[in-house]
Amino acid sequence: MNREDFPLLKQDIIYFDNSATSLKPKCVIDKIADYYTNYSANAHRGDYDLSFKVDQEYEQTRTLVKDFLNAKSLEEIIFTSGTTESLNMIAHGFFEDLLEPNDEILLTTSEHASNVLPWFRLANKLGVKINYIPLDDNYYVTLDNLKKVVTPQTKVISLAGITNVIGDKRPIKEITEYAHAHNIFVVVDAAQMIPHMRVDVSDLDVDFLAFSGHKICGPTGVGVLYGKKELLEHLEPTNLGGGMNESFDSPDQVYLKPLPTRLEAGTPNIAGVIGLGEAIKYIESIGYTKINDQVHNLRKYLISKLLPIKYIDIINLESDSGIIAFNVSNIFSQDIAYYLNKYNICVRAGNHCAKILKNAVGVTNTVRISLYFYNTYEEIDNLVELLSDYDKIVKEMI
Ligand SMILES: Cc1ncc(COP(=O)(O)O)c(C=O)c1O
């Protein structure tokens, strides 16, 4: 579906690593080239037409993101370098001042490093505790399991909307309802959620949410931090510098600009932000229904083809995204990736940055296929054919 939009697909390549990053359509590439070719001035600084055009395009993306997420105001949309930076800003800039020793942060064991390490740092610095919501037999989070571990000390729940190894979707709306009734903040890592489902922050009522542009056909190095305005007002900027200050004369006379500029110090990734706007328009023009129908059907097809292969162990028969994680009996996952690469098939192998998940799943590494709407049944047939011959794998993997 829509393969002709992606220049990279003209190469003899099968790309199954979409959870790491998606491919970029020509409209996004052209939009970025247009900025660098025709109006590459700085943002929010110049008093000339070229600079005015930059501001218009940059701020238009903010409006697009606001509508895309159904946020209440433009001040709630902060451009960052991606999910990782957004989550670090939330942990460091908001919760570091708020949490006290013995407060508890609830995570899950299937979180990405970006949603674990910033909280570990707070634990080490402040003496707050990290607890985990137990996963069910399919590695899913349920509200019942969450309730079992919430205590009067729980102050934050931070979890992915969809995870990057299992691809399971979390019941975010139910979690925020329960959490808010117990005065607990909810932070959502939407890096894998945004490519696969509409995220309505007002309906979900999340306090903070983070995502990256590059996983929804946008450029790398740009992402979004969403926060409720009344909370963002209390988020200390990690970076201080140009663009975000009103005036400064001495250390005790520093006056910062209002949101959202206050949290976007320095020259931003202008081309990235403008490209992200185009990516959002592109995704909207296809629509999540079509995207998900295609991904779901492809996944079902791949599972049906892998299941009969006796030496293949699929870790996540259930998933809400395009992820299939598996292992081939007695063969290291990276060797499988190396073998497939010989046939121009790109897959991911390893622990996928979810290093504490191994304790829950009982396997350290997996091969991960992550599908997106531009993958095809023929590509899957090619993959399955290569995986169907164990002797060939063993012979060719080194
Ligand atoms: C669930 C999840 N969270 C966070 C990240 C980090 O995203 P980024 O590297 O774009 O900051 C990823 C990236 O793979 C992810 O899958």
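For this structure, a couple of remarks:
- Percent of alpha-carbon pairs separated by more than 18 Å within segment 1-157: 74 percent
- Among beta bridges identified by DSSP and lying wholly in the chain, the antiparallel ones come to about 55 percent.
- Per residue, the convex hull around the alpha carbon atoms of segment 236-320 comes to 183 Å³.
- Between D137 and K26, the modelled label-to-label distance comes to 5.1 nm, taking each label 7 Å out from Cα in the direction of the beta carbon.
- Residue-averaged 222 nm ellipticity for the chain, from DSSP H runs of 4+ at -39500 (n - 2.57), nearest 500: -10500 deg cm²/dmol
- Sulfur and carbon atoms: percent of accessible area, segment 1-144 [1.4 Å]: 51 percent
- Look at the dipole of the chain built from charges on Cβ: of M244, G93, N316, the Cα furthest out on the positive end belongs to N316.
- Max-minus-min Cα coordinates of segment 225-377 on each principal axis give 71, 38, 32 Å, with the largest extent listed first.
- Separation of the R121 and N38 label points, Cα + 7 Å toward Cβ, nm: 4.0 nm
- Over segment 27-285, relative contact order from alpha-carbon pairs under 8 Å, at least 6 apart, %: 26 percent
- Counting only Cβ charges, +1 for Lys and Arg and -1 for Asp and Glu, the dipole size of the chain around its Cα centre is about 860 debye.
- Label-point separation in nm, C346 to E233, each point 7 Å along Cα→Cβ: 4.5 nm
- With the highest mean first, a sort of the peptides 306-313, 22-29 on other beta-carbon atoms found within 10 angstrom per residue produces 22-29, 306-313.
- Multiplying the residue separation of E177 and T289 by 0.36 nm and removing their Cα-Cα distance gives an extension gain of 37.7 nm.
- Computed over the alpha carbons of segment 27-285, Rg followed by Dmax gives 18.8, 60 Å.
- Computed from point charges on the beta carbon alone (+1 for Lys and Arg, -1 for Asp and Glu), the dipole magnitude for segment 47-96 about its Cα centre is near 200 Debye.
- Computed with a 1.4 Å probe over protein heavy atoms only, the accessible surface of segment 177-293 comes to 39 Å² per residue.
- Carbon + sulfur, % of accessible area of segment 145-290 - ligands and nucleic acids excluded, 1.4 Å: 50 percent
- Beta bridges from DSSP with both residues in segment 139-230: antiparallel share about 45 percent, rounded to the nearest 5.
- Rounded Å value of the spacing that divides the Cα centres of segment 225-298 and segment 331-353: 34 Å
- In the context of the full set of protein chains, segment 105-158 has a per residue accessible area of 44 Å² (1.4 Å probe).
The values are calculated or read from the model by the stated rules, or taken from the named source; none is laboratory data. Source: prediction; values computed, not measured. Methodologically, a virtual Cβ is constructed for each residue, glycine included, from the backbone with ideal geometry; neighbour enumeration extends over all protein chains shown. To get the accessible areas, we keep the full protein, side chains included, count just its heavy atoms, and leave off ligands, DNA and RNA. Shrake-Rupley method; radii C 1.70, N 1.55, O 1.52, S 1.80 Å.
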